[in-house]
Amino acid sequence: MICFIFAYHDAIQYPISAPEIVDSQVDNAHQNIMKRKVYFGGLMFVLVVFGFSACRIGTGSSTNVTISTANANSSPSSNGEPAATPVAGSAQSPVAMPETLVAELYKAHDAQKSPFFQTKDRSLVDKYFSKPLADLIWKDAISSGNEVGAIDGDPLYNAQDVEIKNFAVGKGEVKGDKANVPVTFTNFGKKQSIIFALVTVNGGWKIENIIYGNGENLLKWLKEPAGDTPDVGSTAGGNFAGRYQIGSTSCTVKPVKMAFEVHWAKGSGVEMFFSKNGTTFESSPDKGESNRFEFDDESLSTGVFYRADGTEFPIKRLK
């Protein structure tokens with residue numbers, strides 16, 4: 001359009017001259033040229049004004065769209081944070097899954113970076129545990145020094161000797177600000193199950209207890225030295241403590257933090273037994289076999305003792 005206008009202007013300014021044109025014709029031609037120049041000038045003015053107005057309208061429209069888009073996508077909440085910020089427990093944040101913390105704890109343990117049995121880094125304990133439990137773990141580590149403290153075994157496997165296979169961290173069951181995460185594995189071929197109890201602290205998960213079953217849990221063990229909880233004898237499975245007649249011999253059972261010590265009348269040394277349920281207690285397997293107490297009921301008064309070689313002996317509690 002602009003090129004056409006300028007071409008037209010040139011044609012007006014430089015008309016084709018011819019010798020045969022007479023003077024009167026020249027005057028008429030000059031008058032026509034002047035009229036065309038006036039017309040051309042008016043046309044250019046209109047076009048310039050129209051173009052300037054169009055540019056202003058377009059610019060104003062673009063600005064309004066930008067503001068509208070910003071307002072639609074950034075509605076701030078009352079506390080100044082974006083309304084779409086994920087909260088703890090939402091599926092948008094992997095950190096919000098309680099089983100993630102439990103899995104990380106086992107990975108640290110396997111990498112020799114366990115928060116247990118160390119006094120160099122308190123933050124390592126606080127990373128995984130709520131303050132009440134972390135305080136007890138740290139206190140036990142400091143007070144016991146190089147000696148065995150309240151935790152006298154591996155608290156992540158509830159055993160002193162381990163040969164772990166089929167390990168799995170289950171999906172957490174979340175109820176409000178609490179969660180339970182199951183961990184299953186086999187130790188020396190025996191199926192085991194542990195429950196991690198977690199609580200939300202400052203928007204993240206922390207372990208507040210480790211539950212082993214039969215009334216045993218980590219919090220209880222750590223509180224026992226201070227007399228804050230009853231001893232093993234008053235809990236489920238704790239009735240196992242005492243003296244028993246096993247066939248022609250006898251034994252004395254004493255509770256420890258994570259198991260039971262069995263002292264046989266014939267022979268020397270101590271054999272460690274672990275509760276499988278309220279009425280069954282097994283020793284640590286020796287070459288794939290283990291000794292086992294199986295009682296008739298929860299009174300633990302009578303039952304059968306299964307020796308590793310398959311021999312059976314009647315059990316009778318002694319007074």
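The values are calculated or read from the model by the stated rules, or taken from the named source; none is laboratory data. As the structure is a computational prediction, the values presented were derived from the model and not from experiment. Glycine gets a Cβ as well: all are built from the backbone with ideal geometry, and neighbour counts include every protein chain shown. Areas reflect the complete protein model, heavy atoms only, side chains present, ligands, DNA and RNA absent. Shrake-Rupley method; radii C 1.70, N 1.55, O 1.52, S 1.80 Å.
Numbers at a glance
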| quantity | calculated |
| --- | --- |
| Test result for Gly170, within 30 Å of Phe273 (Cα to Cα) and at pLDDT below 95 | no |
| Selection within the range 155-195 - closer than 23 Å to Phe260 by Cα and touching a helix residue (DSSP H, G or I) at 6+ places or on another chain (Cβ under 6 Å) | Pro155, Leu156 |
| Count of residues meeting criterion [within 22 Å of Ala134 (Cα to Cα) and either free of Cβ contacts under 8 Å to residues at least 24 places away in the same chain or not charged (D, E, K, R) (or both)] in the range 177-207 | 20 |
| Given (1) loosely packed, with under 14 Cβ neighbours inside 10 Å; (2) in contact with a Leu (Cβ under 6 Å, 6 or more places away or on another chain); (3) of a type in the set (Gly, Ala, Ser), number of the condition Ala150 does not satisfy | (1) |
| Which numbered condition Lys107 fails, given (1) open to solvent by less than 90 Å² (accessible area, probe 1.4 Å); (2) under 23 Å from the mean Cα position of the chain (by Cα) | (1) |
| Per-region count, the range 286-301, residues surrounded by 14 or more Cβ atoms within 10 Å (Cβ to Cβ) and in contact with a strand residue (DSSP E or B) (Cβ under 7 Å, 6 or more places away or on another chain) | 8 |
| Number of positions in the range 163-176 that are in contact (Cβ under 8 Å) with a residue 40 or more places away in the chain and surrounded by 13 or more Cβ atoms within 10 Å (Cβ to Cβ) | 5 |
| The one condition in (1) at pLDDT below 80; (2) of a type in the set (D, E, K, R); (3) assigned to a loop (DSSP other than H, G, I, E, B) that Glu224 fails to fulfil | (3) |
| Filter result for Asp140 (among the acidic types (Asp, Glu), open to solvent by less than 40 Å² (accessible area, probe 1.4 Å) and over 18 Å from the mean Cα position of the chain (by Cα)) | yes |
| Qualifying residue in the range 116-132 (condition: hydrophobic (A, V, I, L, M, F, W, C), modelled with pLDDT of 50 or more, open to solvent by less than 30 Å² (accessible area, probe 1.4 Å) and part of a loop (DSSP other than H, G, I, E, B)) | yes |
| Residues (assigned to a strand (DSSP E or B), over 30 Å from Lys223 (Cβ atoms) and among the charged types (D, E, K, R)) located in the range 258-317 | Asp286, Glu289, Arg292, Glu294, Glu312, Lys316 |
